[in-house]
Amino acid sequence: MRATPVLLLHSSMSSGQQWQALRQSIDLPSTAPDISGYGNAEMPGNARHEHQLQFELDRLEPEIPAGRFHLVGHSYGAATALRLARLYPERVASLSLFEPVAFHLLASDHPQYNAVEALSRKIESFIDQNQTAEAADRFIDYWNGQGTFKRLNEKMQKIFCRGIIKVAYDFTALMKETCQPAQLANIRCPVLLMEGSDSQPSAHAVMDTLKATFPKAEHHLLPCGHMGPLTHPDLVNPLVSRFIAAHNKAG
């Protein structure tokens, strides 16, 4: 019987490298592919306004383990993981999520849905005017606090200015996703939900929805922000590795 592998999906503006330390702490085979447009992965072949989460899964298909696997995701990667778990619930042995940006789970008149929609439109407007620095500044500061982008060195700013183009694709995919909370009912594997106490209200709104959707889920509110898996791996990684170990069975 084979060991149950682990699939880890990273956040926007990141790459599979963000999970390197966690992978080393998990005594199981694991893979952390680059989502399209990040790391070494090519940009999507479709137009921005056509982008969907399913396109991410189509690109990732060769990296998705055969049979059962543990699934870990952060932010955009966690929203992608939710879709994957919903489509193949029988294959997911456990689901560990840090603040999925699954804004589609919020009602269209929810204040935080409207706030994210406005942020998305503003970023797209900046990009369409070739103002990538302004777009990156708005995005980075939204998740990390006012002034964060301007405090970065020039090299990091340039990296984020390139990455913001794909972020606009990500927003399109998230806002076009039609899945509602009730459609997650077929996910019956053990679920770990993690969020940062210093994160944005929009992230907390999604987490509140997920806690109601998965009332038996293990939940942790950690002293960090939305980028906790990157800024506070000492808090996040032990929770994930212990959760996977507790629910690991040969598949």
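Coordinate-derived values only; no laboratory data. In this text the structure is predicted, and so the values were computed from the model without any measurement. So basically every Cβ, Gly included, is an ideal-geometry build from the backbone, and we count neighbours across all protein chains shown.
Summing Cβ point charges (Lys, Arg +1; Asp, Glu -1) relative to the Cα centre of the chain gives a dipole of roughly 460 debye. Close amide H contacts of Ala93 (hydrogens built in the peptide plane, cut-off under 5 Å, sequence separation of 5 or more or a different chain): Phe69, His70, Leu71. With the highest mean first, a sort of the peptides 177-189, 12-24 on other beta-carbon atoms found within 10 angstrom per residue produces 12-24, 177-189.
Simple point charges give the picture: +1 on the Cβ of Lys and Arg, -1 on the Cβ of Asp and Glu, and for the stretch 111-175 a dipole about the Cα centre of about 240 debye.
Of the peptides 72-78, 202-208, the order by per-residue mean of other Cβ atoms within 10 Å, starting with the highest, comes out as 72-78, 202-208.
What does the helix-only formula give at 222 nm for the chain: each DSSP H stretch with n ≥ 4 adding -39500 (n - 2.57), the total divided by the residues, and the result rounded to the nearest 500 deg cm²/dmol?
Taken over the chain, the calculation gives -14000 deg cm²/dmol.
Amide H contacts of Gly196: Leu222, each under 5 Å away and 5 or more positions distant or on a separate chain (H built 1.01 Å from N in the peptide plane; Pro and chain starts excluded). Normalising the average separation of contacting C-alpha pairs (under 8 angstrom, six or more residues apart) by the number of residues puts the relative contact order of the stretch 111-175 at 33 percent.
Mean-square fluctuation check for the chain, GNM, Cα pairs under 10 Å: which of Asp198, Asp109, Asp234 is largest? Residue with maximal mean-square fluctuation among Asp198, Asp109, Asp234: Asp109.
By the combined test of axial Cα extent (at least 27 Å) and Kyte-Doolittle hydropathy (mean at least 0.0), the qualifying DSSP H helices of the chain come to 154-176.
With q set to 0.12, 0.15 Å⁻¹, the log10 of I(q)/I(0) for the chain, from the Debye formula over equal scatterers at the Cα positions, is -0.65, -1.05.
When the alpha carbon gyration tensor of the stretch 111-175 is reduced to an equivalent ellipsoid, the three semi-axes, largest first, read 19, 14, 9 Å. The modelled label-to-label distance for the pair Ala115/Ser197, using points 7 Å beyond Cα in the direction of Cβ, is 1.9 nm. Placing unit charges on each Cβ (+1 for Lys and Arg, -1 for Asp and Glu) gives the chain a dipole about its Cα centre, and among Gly16, Phe149, Val92 the Cα reaching farthest toward its positive end belongs to Val92. A protection proxy built from the mean count of other Cβ atoms within 10 Å ranks the segments 117-130, 147-160, most packed first, as 117-130, 147-160. Backbone phi angles across the stretch 13-24, fed through the Karplus curve with coefficients 6.51, -1.76 and 1.60 (θ = phi - 60°), yield HN-Hα couplings of 6, 9, 7, x, 4, 4, 9, 4, 5, 5, 4, 5 Hz in residue order; Gly and Pro are listed as x. Hydrodynamic analysis of the stretch 110-251 uses the Kirkwood radius over alpha carbon pairs. Inserted into Stokes-Einstein at 4 °C and 1.567 mPa s, it gives a translational diffusion coefficient of 76 µm²/s.
May I ask you to derive the FRET efficiency for Arg2 and Leu221 from their Cβ-Cβ distance with R0 = 30 Å, giving the value to the nearest 0.05?
0.30
Taken as Cα centroids, the stretch 171-237 and the stretch 106-162 sit 21 Å apart, rounded to the nearest whole angstrom. Couplings 3J(HN,Hα) for the stretch 68-74, derived from phi with the Karplus relation 6.51 cos²θ - 1.76 cosθ + 1.60 (θ = phi - 60°), are 7, 7, 7, 10, 10, x, 10 Hz, where x marks Gly and Pro. Just to be sure I follow: if Rg is taken over the C-alpha atoms of the stretch 1-106 and Rh is the Kirkwood radius over the same atoms, what is Rg/Rh? Ratio of gyration radius to Kirkwood radius for the stretch 1-106: 0.95.
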